[in-house]
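The values are calculated or read from the model by the stated rules, or taken from the named source; none is laboratory data. Given the structure is predicted, the values throughout are model-derived calculations rather than measurements. In this analysis, Cβ positions are derived from the backbone assuming ideal geometry, glycine residues included, and neighbour counts consider all displayed protein chains. These area figures cover heavy atoms from the full protein model, side chains too; ligands, DNA and RNA do not enter into them. Shrake-Rupley method; radii C 1.70, N 1.55, O 1.52, S 1.80 Å.
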Amino acid sequence: VIIPVHNGGRYLRAALESVFAQTYHPFEVIVVDDGSTDDSGLIAQSFPKVIYIQQANQGVATARNNGIDAAQGEFFAFLDQDDLWTPEKLKLQIAHLLSHPDVGYTLTQQQFFLEPGETIPTWFRKELLSGVHTGWVLGTLVVRRTAFEKIGNFATGYSAASDGDWFFRAKASEVPMAVVPEQIG
């Protein structure tokens with residue numbers, strides 16, 4: 001599980017708690033601190049099982065790539081500092097991958113939410129807050145290391161959308177994928 005963080009101390013503890021509440025074990029958790037100036041590093045290091053990597057601020061794609069370089073597992077999963085997983089996420093997706101060896105990666109359903117009292121950002125489509133949707137975001141992804149190696153790391157030349165670029169390259173590479181129907185993000 002790779003979690004990039006940049007000044008995400010406000011949300012990081014809850015994100016990490018959702019990871020450690022997983023019903024699937026064992027797994028490793030790598031938090032890559034992308035030059036935070038808040039308490040993100042202290043929060044990450046307060047979890048004894050977290051592998052903590054600190055880097056100068058280079059962007060989320062570089063942070064994710066550095067997490068991948070440090071990872072030891074057969075599968076990669078990604079969580080943003082301000083997102084949460086349901087407890088069955090890893091169990092369901094890894095079970096699907098293990099029972100379907102031809103599938104390179106899985107996505108799941110997701111539900112968007114806002115903290116109470118927060119306003120909807122101007123760029124966000126309000127209708128996405130009602131209901132569950134297939135998540136074409138990294139927080140719903142579990143991918144085999146071998147598939148990731150074929151598709152490649154996250155492109156670091158984008159100021160945003162390195163995840164979208166990865167999904168386009170995944171589709172172009174024709175790596176088989178599946179959407180697990182349960183909502184887990």
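Rounded, prolate or oblate: which fits region 1-157 when a ≥ b ≥ c are the square roots of the eigenvalues of the alpha-carbon gyration tensor, with rounded for a/c under 1.5 and prolate only if a/b beats b/c? It would help to have the intermediate numbers written out before the result.
Values: a/c = 1.43, a/b = 1.08, b/c = 1.32.
Rounded, because the longest to shortest axis ratio a/c is under 1.5.
The chain: longest stretch without exposed trypsin sites (Lys or Arg not before Pro) (DSSP loop, at most 15 other Cβ within 10 Å), sites themselves excluded? If you can, show how the numbers build up before the last one.
Details: sites that count: Lys49, Arg125.
After excluding every exposed loop site, the longest remaining stretch is 50-124.
So what is the 222 nm mean residue ellipticity for the chain from helices alone, if each DSSP H run of at least 4 adds -39500 (n - 2.57) and you divide by all residues, rounding to the nearest 500 deg cm²/dmol? Don't jump to the answer; show the numbers that get you there.
Values: 6 runs with 59 residues, N = 185.
About -9500 deg cm²/dmol.
Kindly provide the GluC sites (Glu not before Pro) of region 112-185 that DSSP labels as loop, not H, G, I, E or B, and whose Cβ sees at most 14 other Cβ atoms within 10 Å.
Working: sites: Glu118, Glu127, Glu149, Glu174, Glu182; in loops: Glu118, Glu174.
The qualifying sites are Glu118, Glu174.
Taking Cα centroids, how far is region 78-142 from region 11-61 in Å?
Region 78-142 and region 11-61 have Cα centres spaced 18 Å from each other.
Placing unit charges on C-beta atoms (Lys and Arg positive, Asp and Glu negative, everything else neutral), compute the dipole magnitude of region 89-163 about its Cα centre in debye, rounded to 20. Write out the running numbers ahead of the final one.
Working: 7 positive and 6 negative charges, 44 e Å.
Dipole about the Cα centre, nearest 20: 220 debye.
Using the Cα atoms of region 1-87 to build a convex hull, what is its mean projected area in square nanometres?
Details: hull surface 19.8 nm².
With the hull built on Cα positions only, its mean projection is 4.9 nm².
Tell me the carbon and sulfur percent of the accessible area for region 81-185, rounded to whole percent, probe radius 1.4 Å.
With neighbouring chains kept in place, the figure for region 81-185 is 58 percent.
Please report the relative contact order for region 62-185, taking Cα pairs under 8 Å with a sequence separation of at least 6, and give it as a percent rounded to a whole number. All intermediate terms of the calculation are to be shown ahead of the outcome.
Values: 167 pairs, mean separation 50.9, N = 124.
Averaging sequence separation for qualifying contacts and normalising by length gives 41 percent for region 62-185.
Provide the per-residue ³J(HN,Hα) series for region 37-44, in order, calculated from phi with Karplus coefficients 6.51, -1.76, 1.60 and θ = phi - 60°, each as a whole number of Hz, with x at glycine and proline positions.
Values, residue by residue: 10, 9, 8, 4, x, 5, 5, 4 Hz.
List, in order, the whole-Hz ³J(HN,Hα) value for each residue of region 121-132 obtained from phi through the Karplus relation with A = 6.51, B = -1.76, C = 1.60 and θ = phi - 60°; use x for Gly and Pro.
x, 4, 7, 8, 7, 3, 5, 5, 6, 9, x, 10
HN-Hα J couplings of region 48-55 from phi, Karplus 6.51/-1.76/1.60, θ = phi - 60°, integer Hz, Gly and Pro as x?
For region 48-55, the Karplus-derived couplings read x, 8, 7, 8, 10, 10, 10, 9 Hz, x marking Gly and Pro.
Might you tell me the accessible area per residue for region 44-185, computed with a 1.4 Å probe and given in Å²? Show your work: numbers first, answer last.
Values: 7750 Å² over 142 residues.
Value returned for region 44-185: 55 Å² of accessible area per residue.
Have a look at Pro181, Ala70, Gly9 and report the one farthest towards the positive end of the charge dipole of the chain, computed about the Cα centre with Cβ charges (Lys/Arg +1, Asp/Glu -1).
About the Cα centre, the residue reaching furthest to the positive side is Pro181.
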